[in-house]
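Input: a single structure, listed below in structure tokens.
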Amino acid sequence: MNKSKLSLGPLLFNWNSDKIRDFYFAIADEAPVDHVYLGEVVCSKRIAGKNYMLEAIERLENAGKKVIISGLMLVLDDRDLRVMADIAEMASDYLIEANDMSAVSLLWGKEHAIGPFINIYNEATLKYYEAGGAKRISLASELPASSLRTLAAVATAELEVQVFGRLPLAISSRCYHARAHKLNKDGCQYVCNRDPDGLSVDTMDGQKFLAINGLQTLSYTYCSLLAELPEMAEMGINNFRLSPHDVDMVRVSQVFRDRLDGKIDAAQANDALEAEMFAIEFSNGYYHGEAGLKQISV
Amino acid sequence: MTKLELVSPAGTPAALRVAVDAGADAVYMGFRDETNARNFPGLNFSVDELAEALDYAHAKDAKVMVAINTHASAGNSEPWIKAIDNAARLKADAIIMADVGLLDYAHRTHPDLPLHLSVQASASNAVAINHYTREFGIRRVVLPRVLTVPEIRDINGKINIKTEVFAFGGMCPMAEGRCSMSSYITGKSPNMNGVCSPASDVSYVQQGQNLKTNLSGFTINEFGPNEQAGYPTLCKGRFTANDKTGYLFEEPTSLNVTDILLELMEAGVSALKIEGRQRSKAYVREVVQNFRKAIDAAERGERLVIEMDNLSEGGQNTTGAYNKKWM
């Protein structure tokens, strides 16, 4: 699995600029990841006032990381469209990751990346996006191994699968963070910045159910496909996405790198990850064709 | 101003005849398999039943649209290709699709078959819609239920195909076609299986005076003796976040746009879609009759507000994202 590459997905949470800058500096200096996706994908309201981007890009590139710019996953109004047009203009300097059909359209015919928020469930759809210039395709986490194998067999683009972190499950124009604080979206007071890994949602019986992150709904569990990495590599999937959380992502990425390099086995890797994040529930159900929240023993 | 077309659901051939007789301009239906997003037991049409439905509807000047709006699964596109070919052969008035690979196939193979972009494609802006129009020749887009009326007006000014919006019935608070909450909890999702919060995973538990509704073992809601218990759709339950318990995602409520028909017309909307292929004939009849009246009144510039609380989930109505306050 030595040719397998690790990528750090776009930060889904509304951290402040200083925290984001420090985070990417640490990733640049210490994390064994090859690609780093930067940019706001959840809510265009969060973009104003953030000023980490140029410094983060410079530090990451100087450290030899390849930077990819991610676009919004739900594009509704003129503000969102302006954001996407600005990002698309960077396409000559950076690979841009489209997460909405508007971005696909703006990037059509140029080399670009397709993010996991674009629906690709079958070969014909995969081929359509490849024909439009997609060089990297990050597949939806809902897909079972059988679909991944079928898609990998026909893909010419580099395929990527999320192997760590809360799973993005839904996006809305309604802000659930604002709603949980009895606010509305226009007057949200940016309350999503209080929960660096999302806000847990429990059932009335206290069962851990989901997590919310502004307009986005995430899984309660954190996906971990440490045990499944060799099988995916054997399918021809060579890019593995770690979704950033407010944990030691340098250490997390080292665990995945060591596993890919065969330095540790699945059990050792799981132990190392759990030592880092002892209170976290992990899941791998989707990969095994089950409910996403399930943890299947491999 | 455009004349609003009334598009009714039909889960069965009998419901289709009821919808046509009640005044629907068009009826949408699906085949009896995973190729449509209401793949429920006992519902939907065989190929022969579609042929009969087309004859019945055309005789009364109504249209029949075929929803083939799930995603073909990897390595098994046959059911979807067959559904498209059958709809084309029978000269359905349109097919409603979301999958890009299938849109590409339908456009190349059956250039005369009108294609509508399903709400499941989640095309929420003019740039995206124009891409689908340019690439696949779609003639109509069903807009996702995440847009305000001013946003819809703006989109209509920037595209040159018709827009259809949801007018009544169950309402996803999430962008449609981009939600896998159901498969995270149950293993089955709208995109992959044509179902959300499937009945096979639902249970009801009486605890003292209260009734709990469960989905795959998760408590979705708990109702007191004086509350009307609703179906445990997983985004319509009561949950706890930030130490508060309530309807975090959405109340058990139905969309009803009868009081904003004039605004939707002014925003350039061409067609109104009623949700509910899983609903009874009686439901279809009453909703279609009411909307027929409301649309005909709107044509005369009159506002006819029809509550239909008896037909609504939880007896409540909302105009959803059409009004920005909802967000």
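The values are calculated or read from the model by the stated rules, or taken from the named source; none is laboratory data. Just so you know, these numbers come straight off a predicted model, no measurement behind them. Backbone-built Cβ (ideal geometry, glycine too); neighbour counts: all protein chains shown.
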Does any residue of the stretch A:22-40 turn out to be touching a Ser or Thr at 6+ places or on another chain (Cβ under 6 Å) and part of a strand (DSSP E or B)? yes
Picking from B:Phe45, B:Phe40, which residue would you name as being closer than 27 Å to B:Asp201 by Cβ and in contact with a Phe, Trp or Tyr (Cβ under 9 Å, 6 or more places away or on another chain)? B:Phe45
Tell me whether the stretch B:204-221 contains one or more residues that are out of contact with any strand residue (DSSP E or B) (no Cβ under 9 Å at 6 or more places or on another chain), within 30 Å of B:Asn76 (Cβ to Cβ) and at the interface with chain A (Cβ under 10 Å from one of its Cβ atoms). no
Can you tell me which condition B:Ala22 does not meet? The list is (1) crowded, with 21+ Cβ neighbours inside 10 Å; (2) aliphatic (A, V, I, L, M); (3) under 21 Å from B:Val288 (Cβ atoms), and all the others hold. (1)
Subset of the stretch A:49-94 (residues that are in a helix (DSSP H, G or I), of a type in the set (A, V, I, L, M) and under 21 Å from A:Arg136 (Cα atoms)): A:Ile57, A:Leu60, A:Met84, A:Ala85, A:Ile87, A:Ala88, A:Met90, A:Ala91
Quick one: how many residues across the stretch B:236-249 are in contact (Cβ under 8 Å) with a residue 40 or more places away in the chain and either hydroxyl-bearing (Ser, Thr, Tyr) or more than 8 Å from chain A (Cβ to nearest Cβ) (or both)? 1
Looking at the stretch B:259-270, is at least one residue free of Cβ contacts under 8 Å to residues at least 60 places away in the same chain and surrounded by 19 or more Cβ atoms within 10 Å (Cβ to Cβ)? no
Got a sec? Which helices (runs of 4 or more DSSP H) wholly within the stretch A:132-244 have at least 3 residues that are over 28 Å from B:Ser124 (Cα atoms)? A:145-154, A:229-235
So A:Lys294, is it within 14 Å of chain B (Cβ to nearest Cβ) and at negative phi: yes
Matching residues in the stretch A:92-114 (over 18 Å from B:Arg178 (Cβ atoms), among the hydrophobic types (A, V, I, L, M, F, W, C) and touching a Gly at 6+ places or on another chain (Cβ under 7 Å)) number 3
Can you name the residue in the stretch B:242-252 that is surrounded by fewer than 19 Cβ atoms within 10 Å (Cβ to Cβ) and acidic (Asp, Glu) and is also farthest from B:Thr318 (Cα to Cα) among such residues? B:Asp243
Among the candidates B:Lys162, B:Lys212, which residue alone is of a type outside the set (Gly, Ala, Ser) and touching a residue at least 60 places away in the same chain (Cβ under 8 Å)? B:Lys162
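Residue by residue, here is whether (1) within 8 Å of chain A (Cβ to nearest Cβ); (2) surrounded by 24 or more Cβ atoms within 10 Å (Cβ to Cβ); (3) modelled with pLDDT under 95 holds:
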{"site": "B:Tyr56", "(1), (2), (3)": "no, no, no"}
{"site": "B:Asn86", "(1), (2), (3)": "no, no, no"}
{"site": "B:Asn130", "(1), (2), (3)": "yes, no, no"}
{"site": "B:Val146", "(1), (2), (3)": "yes, yes, yes"}
Subset of the stretch A:198-255 (residues that are without any contact (Cβ under 8 Å) to a residue 24 or more places away in the chain, of a type in the set (S, T, N, Q) and buried (at least 22 other Cβ atoms within 10 Å of the Cβ)): A:Thr203
Single residue of A:Ala134, A:Ala88 found to be among the small types (Gly, Ala, Ser) and surrounded by fewer than 24 Cβ atoms within 10 Å (Cβ to Cβ): A:Ala88
Being in contact with a helix residue (DSSP H, G or I) (Cβ under 7 Å, 6 or more places away or on another chain), of a type in the set (A, V, I, L, M, F, W, C) and more than 12 Å from chain A (Cβ to nearest Cβ) is the filter here, so list the residues in the stretch B:103-128 that pass it. B:Leu113, B:Leu115
Residue under question is B:Lys188, and the condition is that it be charged (D, E, K, R), in a loop (DSSP other than H, G, I, E, B) and either surrounded by fewer than 22 Cβ atoms within 10 Å (Cβ to Cβ) or more than 10 Å from chain A (Cβ to nearest Cβ) (or both); does it hold? yes
If I ask for residues that are outside any strand (DSSP E or B), of a type in the set (A, V, I, L, M, F, W, C) and buried (at least 18 other Cβ atoms within 10 Å of the Cβ), which ones from the stretch B:194-241 would you list? B:Val195, B:Cys196, B:Leu234, B:Cys235
The stretch A:152-197, residues that are among the hydroxyl-bearing types (Ser, Thr, Tyr), in contact (Cβ under 8 Å) with a residue 40 or more places away in the chain and more than 9 Å from chain B (Cβ to nearest Cβ): A:Tyr190
Filter result for the condition that a residue is closer than 18 Å to A:Met277 by Cβ and among the basic types (Lys, Arg), over A:Arg166, A:Arg174, A:Arg149: A:Arg166
Which residues, counting only those in the stretch A:66-87, are among the small types (Gly, Ala, Ser) and either more than 10 Å from every other protein chain (Cβ to nearest Cβ) or in contact (Cβ under 8 Å) with a residue 60 or more places away in the chain (or both)? A:Ser70, A:Gly71
Restricting attention to the stretch B:209-234, and to residues there that are hydrophobic (A, V, I, L, M, F, W, C) and touching a Pro at 6+ places or on another chain (Cβ under 6 Å), which single residue is nearest to A:Thr217 (Cα to Cα)? B:Ile220
